[in-house]
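Report on the structure given below.
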Amino acid sequence: MPETSDPAAKLNSALSRRFGEAVEIDGRIDGLAVLADMAARGSCRAFRDEPVDQGLIRLLAATALSSPAKSDLQQRDIIAIEDAGLRERIDALSGGGWLEGAPAFLVFCGNNRRQRQLHEWRGHPFANDHLDAFFNAAVDAAIALSAFVTAAEAVGLGCCPVSQIRNHPDKVSSLLGLPDHVFPVAGVAFGWPEEAPPVAPRLPLKVTLHTDRFNEADLREQVEMYDMRREALMPYGKQRAIDRFGEARRYGWSEDKARQYAEEQRTDFGAFVRKKSFLLD
């Protein structure tokens with residue numbers, strides 16, 4: 001993507017690459033430089049061998065925790081992983097390699113425990129012990145994670161969210177000392193990027209942006225067109241599970257994602273959530 005000092009032009013270039021279509025931009029809008037940076041971001045997996053200052057991490061965490069929270073319940077916590085041995089054990093449980101070379105790593109947790117403690121301290125019944133209690137905490141943690149990524153990248157850091165910590169949530173939970181009603185949502189590996197991360201094309205807005213009602217018109221055609229556009233811009237380096245599915249003549253996003261979720265993953269996560277004393281009715 002060519003560099004430009006004009007934020008509107010940079011934003012237009014980033015969105016055109018993302019979605020394969022023009023998005024109307026009013027150049028008079030404030031904050032276009034921020035939007036351009038957000039639109040041009042990519043997950044970073046190559047970091048310089050340079051630490052991230054602890055004061056900066058604390059600042060970014062505080063900024064992330066300033067993000068919206070359901071009904072001001074604030075049901076999320078962040079755990080900074082500084083112990084090298086602990087980090088190695090978490091990385092091994094995550095499949096290995098996700099944290100390699102990243103100077104810093106955080107785990108974002110949903111926390112419905114604190115709310116229950118408030119009820120106990122104040123002598124009020126906890127009347128909403130059902131799926132929504134888990135869902136609200138998970139969404140709160142995800143909002144904070146997204147805000148952290150935006151804040152970190154605004155100061156020049158590169159980030160890579162790591163959902164793989166849920167591969168073995170019970171063991172990760174034990175390593176982190178998480179009590180009942182507190183659970184890991186995802187991690188974020190981050191540091192100073194070695195190089196600009198790639199900008200991954202996204203599904204066209206016709207597929208993911210709806211007006212008034214959900215609409216799947218021409219979905220398959222749109223996905224197939226997206227497969228071809230993505231293959232031209234960012235082809236996959238290898239195909240998944242060739243021993244099971246064979247080698248596809250054309251291997252696009254839809255084939256990759258279908259193969260990815262044709263393999264069982266995290267089948268014990270529901271049991272883990274129930275073990276954390278959540279009711280999912």
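Values in this text are rule-based calculations from the coordinates and carry no lab data. Just so we're clear, the structure is a prediction, and the values are computed from it rather than from any experiment. So basically every Cβ, Gly included, is an ideal-geometry build from the backbone, and we count neighbours across all protein chains shown.
A few points about this structure:
- For peptides 31-37, 76-82, sequence by mean Cβ density within 10 Å, most packed first: 76-82, 31-37
- Selection of GluC sites (Glu not before Pro), the range 219-281, meeting DSSP coil and at most 14 other Cβ within 10 Å: E247, E263, E264
- For the chain, the calculated P(r) over all alpha carbon pairs, in 10 Å bins from 0 to the bin holding the longest distance, is 6, 22, 31, 28, 12, 2, 0 percent.
- Reach of K10 by Cα under 24 Å, taken over lysines that are not fewer than 8 positions away in the same chain: K206
- Highest average first, the peptides 60-67, 195-202, 147-154, 182-189 ordered by how many other beta carbon atoms sit within 10 Å of their residues are 182-189, 147-154, 60-67, 195-202.
- Within the chain, helix-based [θ] at 222 nm, where runs of 4 or more DSSP H residues each add -39,500 (n - 2.57), nearest 500: -13000 deg cm²/dmol
- Estimated D of the range 54-197 in µm² per second, where Rh is the Kirkwood radius over Cα pairs and Stokes-Einstein applies at 20 °C, 1.002 mPa s: 136
- P(r) tail for the range 134-281: Cα pairs beyond 23 Å make up 58% of the total.
- Seen against the Cα atoms of the chain and their longest principal axis, helix 54-64 is set at about 90 degrees.
- Whole-angstrom gap from the range 123-160 to the range 1-58, using each part's C-alpha centre: 23
- With Cα atoms, 0 to 90° folded angle of helix 113-122 axis to the chain main axis: 40
- Annotation: peptides 115-124, 83-92, ranked by per-residue average of other Cβ atoms within 10 Å with the highest first, follow the order 83-92, 115-124.
- The chain: angle of helix 219-233 to the longest principal axis, Cα-based, in degrees nearest 10: 70
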